[in-house]
1. Report whether or not T226 is of a type outside the set (K, R), touching a Cys at 6+ places or on another chain (Cβ under 7 Å) and either part of a strand (DSSP E or B) or in contact (Cβ under 8 Å) with a residue 12 or more places away in the chain (or both).
2. Taking the condition of being in contact with a Gly (Cβ under 8 Å, 6 or more places away or on another chain) and more than 16 Å from L241 (Cα to Cα), how many residues in segment 188-205 meet it?
3. When you look at E240, is it among the charged types (D, E, K, R), at pLDDT below 95 and part of a loop (DSSP other than H, G, I, E, B), yes or no?
4. Within segment 137-158, identify whether any single residue is in contact with a helix residue (DSSP H, G or I) (Cβ under 9 Å, 6 or more places away or on another chain) and within 17 Å of F239 (Cα to Cα), and answer yes or no.
5. Looking at V165 and the list (1) within 17 Å of N246 (Cα to Cα); (2) in contact with a helix residue (DSSP H, G or I) (Cβ under 7 Å, 6 or more places away or on another chain), which single condition is not satisfied?
6. Which residue pairs have Cβ atoms under 7 Å apart, sit 6 or more places apart or on different chains, and have a first residue in segment 79-101 that is within 16 Å of V165 (Cα to Cα) and touching a residue at least 60 places away in the same chain (Cβ under 8 Å) and a second that is assigned to a helix (DSSP H, G or I) and not hydrophobic (A, V, I, L, M, F, W, C)?
7. Can you tell me which residue among G197, G222 is within 28 Å of C130 (Cβ to Cβ), out of contact with any helix residue (DSSP H, G or I) (no Cβ under 7 Å at 6 or more places or on another chain), in the same structural domain as A118 (by TED's automatic domain parsing) and surrounded by 12 or more Cβ atoms within 10 Å (Cβ to Cβ)?
Amino acid sequence: MTTLLRKVHIRQLAATYCAVFLLLVSTAEADKAEDSGALWNEVDQLIVDCDTAQSFGNDDQIKNAALELWQLTDIPFGLRASAESCVSEYLDGEAIFTWASGWEFLLNDDDLKVLGTAVLNIISEHRELCSEYGDGELQVPVTAIEKVDLTGNNEQDTVFHLGKVRCSESGSYFSGSAGSFVYLIVEDKVTEFLARGFAVSYALGEGNPIIILSVHGSACGGYGATNCVLATVWGDGKFELVGTKN
């Protein structure tokens, strides 16, 4: 009888713990939904304020709304286009809100004039692909282009991060589970890697940059989620594969 009572007590405790857990989960989800609703209302009101100010030519009110939007670390997807329009109106230039980095400035015509042929060709190629996807507009943040010495000759080469580029009709058009293309550009020679992350290591000294790329797990003989790193160095006029390691 004692054993039976003990089993009943254990089942009652388990049922109680389960009910408490479900209550906590439900409360957390409700709080999350409430926070999302509050954020939506906040951003929506700022956009309304900005639109009203624009219609009356009230520059101070446009500035206030745009600055408040700029300080936000999250903006609901459905309101991003309108928020971007307000911020860009105040900045007198274009800016977008990205998933990964928040607000980003876009390259303008003057920026494009000083880019090398290889970078312009990459942008042109993907602008065409974007336009074929629901008449999308290619948006290239300033941070998509990184200057770094890739060869060890103390000259600045170019890295183009396609994953930071946005097609207006799709937030993830240029990225997937394997990452996105990273273009390493030395003079006008372009080498592309599909990667989730990029870094330069100087473990062997300042004159010996090692390019480290986080890649799909299959490159290390594993599954997609397996941690896998590829290392490459510049040698004999091209990037030589050092190896992969998980």
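The values are calculated or read from the model by the stated rules, or taken from the named source; none is laboratory data. Note that the coordinates shown come from a computational prediction; the quantities given were computed from them, not determined experimentally. Neighbour counts are summed over all protein chains in view; Cβ atoms, including those assigned to glycine, are modelled from backbone coordinates with ideal geometry.
1. yes
2. 4
3. Answer is no for this residue.
4. yes
5. (1)
6. I96/E84; S101/T143
7. Criteria check complete, one pass: G197.
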